[in-house]
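As structure tokens, the structure follows; a few thoughts come after it.
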Amino acid sequence: MKIGVRILPKNEVLDTQGRAVESTLKSHGRSVNQCRVGKYVQLDLAETEPALALKKAGEIAEFILYNPLIETFELEVLPN
Amino acid sequence: MKIGVRILPKNEVLDTQGRAVESTLKSHGRSVNQCRVGKYVQLDLAETEPALALKKAGEIAEFILYNPLIETFELEVLPN
Amino acid sequence: MAQKPVGILRFLGTNCDRDVWQAVETLGLTPRWLWHEDTFHPADYSGFVVPGGFSYGDYLRCGALAAKAPAVQSLSEAAKKGQPILGICNGFQILCESGLLPGVLVRNEGRRFIDKWVKLKLRSSNAWTQSASVGRELNLPIAHGEGRFFLEADGIDRLFENNQVWCTYSDNPNGSLKDIAGISSPTGNVCGLMPHPERAVTTWMGSEDGRVILSNLLV
Amino acid sequence: METEFAAKLKKYRLSSDEYERAKKLLGRDLQGLEWALFSALWSEHCSYKSSKVHLKKFAFSSPRVLQAMGENAGVIDLGEGERLAFKMESHNHPSFIEPYQGAATGVGGILRDIFTMGARPIALANYLCFGDPKAPRMQALVEGVVSGISGYGNCVGVPTITGQTEFDASYNNNILVNAMAVGLFTEGEPIVTSPARGVGNLVVYVGAKTGRDGVHGASMASESFAADSASKRPTVQIGDPFFEKLLIESCLEVIQKDLVVAIQDMGAAGLTSSSFEMSAKGGVGLRMHLDRVPLRDSSVGPEEILLSESQERMLLICEPHNLEPVREVFERWGLDIQVLGEVLPTPEMELLWKNEVVCKINPALLTDHAPMHDRPFEKWQPKKQVSNLSPNGAGDVALPAVLGSPQAMSRRWIYQQYDQRVGGKTVRDCDDSVAVVRLPTTGRGLGIVLGCRPSVMRMDAQVGGYDAAFYPALELSAKGFEPLALTDCLNFGNPERVPIMSEFVASVEALAHASRLLDAPVISGNVSFYNETMGVNITSTPATGMVGLRPDIESLPASHFTQSGDEIVLWRLPGVSYALNASGQISEFSGSLEPEAVALWLKAVRGLVTSNGSQIRASRVVGKYGVGYALARLSTEVLGARVQSTGWANSASANPWHQETLYEVLLVGVPGLLSKVNEVAARHRSTAWKLGSVEAGALTLDNSEHALGNLLKIYRTGWGNHFAQLA
Ligand SMILES: Nc1ncnc2c1ncn2[C@@H]1O[C@H](COP(=O)(O)OP(=O)(O)O)[C@@H](O)[C@H]1O
Ligand SMILES: [Mg+2]
């Protein structure tokens, strides 16, 4: 079962990448209100039950995928 | 309106980060079948219509967010 | 009695390990490798250096993958016992990710890797700076893409109150909060530093200022 | 039937002549995998079919050369147990398609050539040619290439300590990305080569798994770019510097423990070229079970396995009893290892798929019997030579204006992204015109410089070929280094065009002649033809990398003024003279080079520098934009100079400060320096003049005074003006 992990920089952390994308877009006349750039991790797990897979993915995220000082994460079950 | 852009390395392209994360997880007894690491971009757009926002986000993704030679992307409408 | 050896940690992708080895030898001390997969007895060593480089390619977040290694568990024991530990550059990032030091190092404000000589100021004394050198200016090279120190605001204030900010940039190259180049644990034995003292231990390298820090390994 | 055959020829990029040749060698038609093998190994990239006849001109024997052309890299003996391996290679086409990965994998590839031989990489350098900063995609190409080099080199832990960056519209659609790597063997460390040996020994695959990356890459690099090249893109090769670092450590460990018989990296045409070369050179056969190759994706078939250019992979031969110790080393470094087969007594490559022989062929047919072309060319005739330079040939070129131009401006934006000190051996970094590494066991100085000036090549390919060796040799000599040896990367357009081939031959012959005169052999190199896009050929660019040696690193002359009151001496051996116009072009030149005289004079320059120790405090070779520019580059925030043009200026020139003569050097030292130079100058039909002295505050050329702060500002802000998107 595949689980997606969306990791985004916290609001109070300066997101240098997001800022760079925003300013490039602006200079090309494609303005956006805001752009945040984070990470996306796709985990393919042996678990076949969504609940179990989400639990395991959550543990993996806590273990290593994100740093709570600067990031937040969300999980999503992906279609196969 | 907020749009999420999931960017992942193409399947046939080597994912250097995913490979390293996968093997670290394995060596800590948290094995996964596969792990792919990409980017997640959250765009906050002026558009309020989902269809229009998705169209604009798609254009922005093509313009700057992803490299078609090595990546693929998917869009999702995010709750406010 | 000969001094106990200095332990140098090696992870997959560490690349300043030989440079630290060379600097430790230059000081007349005996270096020893500590392999990431193995635990060790802290008491067998007089101090530890976690060298810079790109452990695990800096993938995911720099230092994150290395922070989980068995050798880091032994290093935590050494930290608790009050032994001197210095993390340089990626070594600093590893110490932060493993929780041995507070905060985190994120991408430089200008997003690009920076290699240059910088002027630094030593601000407090700890296991890696003697009180005599507080206030001193140093000239050391930096080489990093992710050297911007970050911690939420009250955390930063506490660092200053506790004298844990021991080294600052005179001309901030990377957007680091409060010009921070190095911090220490509350007890002062665990220190992190973004610049590379091991790259400045002989005149032909361009500066000998790295000795001001590394010579504290001599007990 | 006929059209199907034609389509196959096209797919495998074989000409009908080449097909006939292959058929004759085999005594039958090509079948199965043979198409892929001939396609890869007979490509220009692997076979050097258009250049081989001329590359032979580089050969000359020197006791210093331990390994010359033909191996992964050349090796020279530095004496005292220290030996050096180095080589330069191009990654032009991949970098134009995907600049970050193209440049990164270029660095990875050249490093593998070095450590496969058992040398530890100690330095990287890069030679970059970009188009007009305003050309389409150029800002993104510069950004991508530089971050690719920095991303790979920094992570793998090898310092990038010098380079050269050129801008010219001829590279607008075909940039050049050449990377050089230098590796060191210390006392007792073995040099390993690639010939397979020992019947029954194992053929072992190590490193990354194989994917479809760059399938048909080698044959594609041997074709001109068409407008639709996007549609022909194979899967982009992704470099993993982290994996490369593991490969460096593990390969050096098995080599130093003497566990391997031969080793070869899988570069262009991957497993095919590595295995066929190992087998052909060793005069033995190899049996390889292709289905044992570790795959990233199980659907990859035998032909793709043979042609894949997945990065960070090696093929090695070891004795069966050493397999376990070899496995132990690679596994400790976290790398896969897989036995593919064994060494056979007869020179025959035997490829199997699921235990069935799918190809059996004599490897020499593909390597030694590859076609060789002696492409038509014309004897060299200078086209821009005049008897006297026209007074305004260079147009109006004031020093400040020149300093901010793409050709002249500071390249710090580039090299500030490179780790220049990892390894702890860097004495002089990218800030200097000559990079200097301290050899760790003997404390001697190793100097590294790149050469080839496209502006001079555009002026005259023969003069440019000489200059590609003489200019870096002079830069080394002016710092007291003895030039030892060269590597090259010959970047040219379409060799099937006579003017291009003529420039190739003229410059190769000049370079070969200069290298013989300098006693600095060309020990390795690379040819990149077909740098032609939509009919436009690049400036012929035979890039070079030269190394030199000094017995110590004490009193190494600086590259900037160090002390007020120092005497500034211009020492010239008159030859060719010209002036660059503001856009970096040379419309005419006068005079001619006397190569023998240049080589002797270079020795005199080095002799003077080394015998005067700390009395010569700084030196700089006069180059682009003449003496004025050289003085500006010697100036610092505080120290400039007051200098006069009386006596030494070439009369016809409108602006003496702007003219360049091949060859001349500025020496800066304690007062009385001129008389020291004069003691040797006359013996070489050369002349020296005192231009003036180092002075604080300004650079004053005759009567025009330039504030130092302003000059530096123009020099440093040039980058931001021309590359506003990157600043
Ligand atoms: N691509 C590059 N990589 C690393 N260093 C470079 C590169 N291009 C230029 N440099 C460095 O920039 C400096 C200035 O280059 P250049 O203008 O050619 O002057 P110089 O004549 O002093 O070599 C040199 O010292 C060179 O080493
Ligand atoms: Mg140069």
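The values are calculated or read from the model by the stated rules, or taken from the named source; none is laboratory data. None of these values were measured; they are calculated from a predicted model. Methodologically, a virtual Cβ is constructed for each residue, glycine included, from the backbone with ideal geometry; neighbour enumeration extends over all protein chains shown.
For the range D:479-518, enumerate the residues that are over 21 Å from residue D:125 (Cβ atoms) and of a type in the set (Phe, Trp, Tyr). Steps first, please.
Kept after step one, since they are over 21 Å from residue D:125 (Cβ atoms), are these residues of the range D:479-518: D:493-506, D:508-510, D:512-513, D:516-517.
The answer is D:504, and nothing else.
Quick check: is even one residue across the range D:380-393 aliphatic (A, V, I, L, M), part of a loop (DSSP other than H, G, I, E, B) and within 14 Å of chain C (Cβ to nearest Cβ)?
No, the range D:380-393 has no match at all.
Could you look through the range D:6-16, keep only residues that are of a type outside the set (A, V, I, L, M, F, W, C) and more than 33 Å from the chain's Cα centre (by Cα), and pick out the one that is farthest from residue D:367 (Cα to Cα)?
Quick first cut of the range D:6-16, residues of a type outside the set (A, V, I, L, M, F, W, C) only: D:8, D:10-13, D:15-16.
Cutting the leftovers down to more than 33 Å from the chain's Cα centre (by Cα) gives us D:8, D:16.
On the way: D:8: 21, D:16: 19 Å.
Among those residues, the one meeting the criterion is D:8.
Would you check if there is a residue in the range C:65-72 being away from every other protein chain (no Cβ under 14 Å), assigned to a loop (DSSP other than H, G, I, E, B) and more than 14 Å from the chain's Cα centre (by Cα)?
No, there is no match, as no residue in the range C:65-72 is away from every other protein chain (no Cβ under 14 Å), assigned to a loop (DSSP other than H, G, I, E, B) and more than 14 Å from the chain's Cα centre (by Cα).
Would you call residue D:184 within 16 Å of ligand 2 (Cβ to nearest atom) and part of a strand (DSSP E or B)?
Criteria not met by residue D:184.
For the range D:617-627, does any single residue satisfy the condition of being out of contact with any helix residue (DSSP H, G or I) (no Cβ under 9 Å at 6 or more places or on another chain) and either away from ligand 2 (no atom under 16 Å from the Cβ) or not small (Gly, Ala, Ser) (or both)?
yes
Consider residue D:679 against the criteria (1) in contact with a strand residue (DSSP E or B) (Cβ under 7 Å, 6 or more places away or on another chain); (2) without any contact (Cβ under 8 Å) to a residue 40 or more places away in the chain; (3) of a type in the set (Asp, Glu): it satisfies all of them except one. Which criterion is unmet?
Against the list (1) in contact with a strand residue (DSSP E or B) (Cβ under 7 Å, 6 or more places away or on another chain); (2) without any contact (Cβ under 8 Å) to a residue 40 or more places away in the chain; (3) of a type in the set (Asp, Glu), residue D:679 comes up short only on (1).
Against the definition (in a strand (DSSP E or B), closer than 25 Å to residue D:240 by Cβ and touching a Gly at 6+ places or on another chain (Cβ under 8 Å)), how does residue C:105 come out, yes or no?
Yes; evaluated as a whole, the condition is true for this residue.
Select from the range D:407-457 the residues that are among the charged types (D, E, K, R) and away from ligand 2 (no atom under 16 Å from the Cβ) and write down the one among them that is surrounded by the most Cβ atoms within 10 Å (Cβ to Cβ).
Per the criteria, the residue is D:419.
Restricting the search to the range C:129-156, which residues are part of a strand (DSSP E or B) and touching an Asp or Glu at 6+ places or on another chain (Cβ under 8 Å)?
C:138, C:139, C:140, C:141, C:142, C:143, C:148 - these are the residues of the range C:129-156 that are part of a strand (DSSP E or B) and touching an Asp or Glu at 6+ places or on another chain (Cβ under 8 Å).
Looking at this structure, is residue D:473 modelled with pLDDT of 95 or more and assigned to a strand (DSSP E or B)?
no
Out of the range B:63-72, which residues are within 11 Å of another protein chain (Cβ to nearest Cβ), more than 16 Å from residue A:32 (Cβ to Cβ) and surrounded by 14 or more Cβ atoms within 10 Å (Cβ to Cβ)? Before the answer, list the steps.
In the first step, residues of the range B:63-72 are kept if they are within 11 Å of another protein chain (Cβ to nearest Cβ); the result is B:63-65, B:67-71.
Restricting the remaining residues to those that are more than 16 Å from residue A:32 (Cβ to Cβ) gives B:67-71.
Answer for the range B:63-72, where residues must be within 11 Å of another protein chain (Cβ to nearest Cβ), more than 16 Å from residue A:32 (Cβ to Cβ) and surrounded by 14 or more Cβ atoms within 10 Å (Cβ to Cβ): B:67, B:69, B:70, B:71.
Counting only residues that are at the interface with another protein chain (Cβ under 7 Å from one of its Cβ atoms) and under 24 Å from residue C:58 (Cα atoms), how many does the range A:46-62 have? If you could, list the steps in order and put the result at the bottom.
Step one: of the range A:46-62, the residues at the interface with another protein chain (Cβ under 7 Å from one of its Cβ atoms) are A:46, A:60.
So of that shortlist, the ones also under 24 Å from residue C:58 (Cα atoms) come out as A:60.
Qualifying residue count, the range A:46-62: 1.
Can you tell me which residue in the range D:119-141 is farthest from residue D:405 (Cα to Cα), limited to those that are among the small types (Gly, Ala, Ser) and more than 10 Å from ligand 1 (Cβ to nearest atom)? Full working, then the answer.
Our first condition is that a residue be among the small types (Gly, Ala, Ser); within the range D:119-141, this holds for D:119, D:123, D:125, D:131, D:135, D:140.
So of that shortlist, the ones also more than 10 Å from ligand 1 (Cβ to nearest atom) come out as D:119, D:123, D:131, D:135, D:140.
Details: D:119: 40, D:123: 29, D:131: 13, D:135: 16, D:140: 19 Å.
Checking each candidate, the answer is D:119.
If you take the residues in the range B:2-15 that are surrounded by 22 or more Cβ atoms within 10 Å (Cβ to Cβ) and without any contact (Cβ under 8 Å) to a residue 40 or more places away in the chain, which one is farthest from the other protein chains (Cβ to nearest Cβ)?
Of everything passing the filter in the range B:2-15, B:15 is farthest from the other protein chains (Cβ to nearest Cβ).
When the residues of the range D:411-467 are narrowed to those that are under 30 Å from residue D:505 (Cα atoms) and acidic (Asp, Glu), which ends up nearest to the other protein chains (Cβ to nearest Cβ)?
Within the range D:411-467, the match that is nearest to the other protein chains (Cβ to nearest Cβ) is D:467.
Is it true that some residue in the range C:157-172 is within 14 Å of chain D (Cβ to nearest Cβ), part of a strand (DSSP E or B), surrounded by 18 or more Cβ atoms within 10 Å (Cβ to Cβ) and out of contact with any His (no Cβ under 6 Å at 6 or more places or on another chain)?
no
Restricting the first residue to the range A:57-75 and requiring it to be acidic (Asp, Glu), which pairs with a second residue that is part of a helix (DSSP H, G or I) meet a Cβ separation below 9 Å and a spacing of at least six or different chains?
A:71/A:65
What number of residues within the range D:413-445 are within 11 Å of ligand 1 (Cβ to nearest atom) and touching a helix residue (DSSP H, G or I) at 6+ places or on another chain (Cβ under 7 Å)?
So the answer is 7.
Does any residue in the range D:430-454 that is at negative phi and assigned to a loop (DSSP other than H, G, I, E, B) come within less than 7 Å, Cβ to Cβ, of a residue that is small (Gly, Ala, Ser) and within 13 Å of ligand 2 (Cβ to nearest atom) six or more places away or on a different chain, and which pairs are these?
D:430/D:163; D:432/D:559; D:433/D:559; D:434/D:447
Within the set of pairs 6+ apart or on separate chains, which have a first residue in the range D:154-175 that is under 17 Å from residue D:405 (Cβ atoms) and within 16 Å of ligand 1 (Cβ to nearest atom), a second that is part of a loop (DSSP other than H, G, I, E, B) and aliphatic (A, V, I, L, M), and C-beta atoms under 6 Å apart?
Listed by first residue and then by second, the contacts come to D:171/D:538.
If you take just the helices (runs of 4 or more DSSP H) that sit entirely in the range D:229-309, which of them hold at least 3 residues that are closer than 18 Å to residue D:348 by Cα?
On the way: elements: D:241-256, D:270-282, D:302-307.
Correct list: D:270-282.
Would you mind stating whether residue C:43 is modelled with pLDDT under 95 and more than 10 Å from chain D (Cβ to nearest Cβ)?
When the stated conditions are applied, residue C:43 does not pass them.
Any idea which of D:643, D:627, D:622 is within 16 Å of ligand 1 (Cβ to nearest atom) and either touching a residue at least 60 places away in the same chain (Cβ under 8 Å) or more than 17 Å from residue D:470 (Cα to Cα) (or both)?
One residue alone meets the criteria, D:627.
Yes or no: the range D:458-466 includes at least one residue that is crowded, with 24+ Cβ neighbours inside 10 Å, within 16 Å of ligand 2 (Cβ to nearest atom) and closer than 23 Å to residue D:583 by Cβ.
yes
Over 21 Å from residue C:86 (Cβ atoms) and of a type in the set (Lys, Arg) - does that describe any residue in the range C:131-152?
Taking every residue of the range C:131-152 in turn, none turns out to be over 21 Å from residue C:86 (Cβ atoms) and of a type in the set (Lys, Arg).
Could you list, in sequence order, all residues of the range D:298-316 that are closer than 23 Å to residue D:333 by Cα and touching a Gly at 6+ places or on another chain (Cβ under 8 Å)?
D:309, D:310, D:311, D:312, D:313, D:314
Can you name every one of the helices (runs of 4 or more DSSP H) wholly within the range D:1-51 that holds 1 or more residues which are surrounded by fewer than 21 Cβ atoms within 10 Å (Cβ to Cβ)?
Ranges flagged: D:2-11, D:16-26, D:34-41.
If you take just the strands (runs of 3 or more DSSP E) that sit entirely in the range D:486-605, which of them hold at least 3 residues that are over 17 Å from the mean Cα position of the chain (by Cα) and under 30 Å from residue D:693 (Cα atoms)?
Hits in the range D:486-605: D:567-579.
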